[in-house]
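Colleague: One structure follows; several queries about it will come next.
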């Protein structure tokens with residue numbers, strides 16, 4: 001468990017602490033890449049993890065590493081295979097309630113994905129949709145053809161789903177799974193990995209997906225239910241599991257979280273939890289986001 005401490009008494013010490021956390025995390029990722037590459041014949045890497053685990057950043061770091069090794073890279077984001085939001089709005093949960101959950105296997109156009117993968121893995125031109133989260137649908141597409149020496153990174157929550165894993169040749173692939181594995185104690189209150197990812201998601205979806213906090217709250221139970229069914233039973237079969245908890249993150253997220261929690265409906269069902277979070281984080285001193293390096297995993301949630 002990580003115990004969070006305010007370190008703003010000396011900006012130089014704070015910056016040094018943030019840099020130390022970043023270097024340790026980068027070393028962890030370097031080790032993960034080396035371990036995957038130790039498996040001979042790898043040309044496909046499935047990069048997966050639950051919501052807000054840091055997959056986009058890890059994908060960029062993989063690209064950089066492979067290019068340093070002189071290996072061309074093709075990245076396929078599985079988010080591009082989401083079905084239109086108007087279709088997702090018709091999906092019901094197990095209780096018959098509307099559940100437009102982007103993390104569910106039902107949200108994926110599996111047939112389009114299967115056709116794209118079959119073409120891509122066999123050297124043919126593959127069509128990849130370009131999904132826009134603001135528009136709620138694909139706004140175009142692109143084509144890509146993989147050569148024999150290309151490394152293909154398949155990135156997305158869905159890369160661990162059995163329906164997707166079955167589309168990827170096992171003898172040519174390795175897998176990396178990201179999550180928040182450790183807990184963090186914030187002035188007496190303990191947050192587990194799932195709770196930390198929820199805080200990340202509140203901020204990310206508000207800033208980059210035009211999602212008000214009450215909407216994010218409404219989806220979270222479905223997200224967790226989906227993880228219990230489609231992720232937790234399978235993720236331990238991944239070749240590598242990487243913990244993406246950053247010890248400094250409560251301070252980085254504090255100001256954004258304050259603004260977002262203030263927008264929670266004051267008469268709605270999420271107000272008590274929002275007030276609880278605000279009380280816990282009231283003792284957290286902000287960590288200026290300019291202290292984070294450009295390639296920090298936390299830029300994925302707060303922006304550049």
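What follows draws every value from the coordinates through simple rules; no lab data is involved. Here the structure is a predicted model, which is why all the values come from computation and not from measurement. Cβ: placed from backbone, ideal geometry, glycine included. Neighbour counts: every protein chain shown.
Colleague: Given Cα positions, please report Rg to Rh for the range 112-173, the hydrodynamic radius being the Kirkwood one.
Modeller: Over the Cα atoms of the range 112-173, Rg/Rh equals 0.98.
Colleague: Need one number: nm distance between label points at residue 283 and residue 35, each 7 Å from Cα along Cα→Cβ, rounded to one decimal.
Modeller: My value for the distance between the label points is 3.5 nm.
Colleague: Which value in deg cm²/dmol, rounded to the nearest 500, describes the helix-derived mean residue ellipticity at 222 nm for the chain, given -39,500 (n - 2.57) per DSSP H run of n ≥ 4 and division by the residue count?
Modeller: -12500 deg cm²/dmol
Colleague: Would you list 121, 133 from fewest to most Cβ contacts within 10 Å?
Modeller: Fewest to most other Cβ atoms nearby, the residues stand as 133, 121.
Colleague: Sticking with this one: Out of these labelled values of Kirkwood radius over Cα pairs in Å, [x] 20.4; [y] 19.2; [z] 18.6, which was calculated from the coordinates shown here?
Modeller: [x]
Colleague: Given the options 136, 41, 156, which has the most mean-square fluctuation in a GNM of the chain, springs set between C-alpha atoms less than 10 angstrom apart?
Modeller: It is 41.
Colleague: Express the Stokes-Einstein translational diffusion coefficient of the range 152-246 in µm² s⁻¹, to the nearest whole number, given a Kirkwood radius over alpha-carbon pairs, 10 °C and a viscosity of 1.306 mPa s.
Modeller: 105 µm²/s
Colleague: Where both partners of a DSSP beta bridge lie in the range 2-302, what percent of those bridges are antiparallel, to the nearest 5?
Modeller: Looking only at bridges with both residues in the range 2-302, the antiparallel portion is about 35 percent.
Colleague: Now a separate question. Suppose R0 equals 45 Å; then what is the FRET efficiency for residue 265 and residue 26 from their Cβ-Cβ distance, rounded to the nearest 0.05?
Modeller: The pair residue 265/residue 26 has a calculated efficiency of 0.65.
Colleague: Sticking with this one: Calculate the length of the line joining the C-alpha centroid of the range 237-304 to that of the range 140-204, in whole Å.
Modeller: Answer, in whole Å: 19.
Colleague: Sort 189, 300, 111, 155 so the one with the fewest other Cβ atoms within 10 Å of its own Cβ comes first.
Modeller: Fewest-to-most ranking of 189, 300, 111, 155: 111, 189, 300, 155.
Colleague: Now a separate question. Taking a quarter of the surface of the convex hull around the Cα atoms of the range 87-244, what do you get in nm²?
Modeller: Taking a quarter of the hull surface, the average projection is 11.2 nm².
Colleague: Now for a different question. Explain nothing, just the number: relative contact order of the chain, from Cα pairs under 8 Å at least 6 residues apart, as a whole percent.
Modeller: Averaging sequence separation for qualifying contacts and normalising by length gives 27 percent for the chain.
Colleague: Could I ask something else about it? Report P(r) for the range 207-304: all Cα-Cα distances, bin width 5 Å, range 0 to the bin holding the largest distance, values in whole percent.
Modeller: Spelled out per bin, shortest first, that is 2, 10, 16, 17, 20, 18, 12, 4, 0, 0.
Colleague: Follow-up. Any chance you could run the full-extension gain for residue 171 through residue 64? It's 0.36 nm times the residue separation minus the Cα-Cα distance, nm to one decimal.
Modeller: Stretched fully, the residue 171-residue 64 segment lengthens by 36.1 nm.
Colleague: Quick check: residue separation of residue 122 and residue 185 times 0.36 nm, minus the Cα distance between them. What number comes out in nm?
Modeller: That pair, residue 122 and residue 185, stretches by 17.8 nm at full extension.
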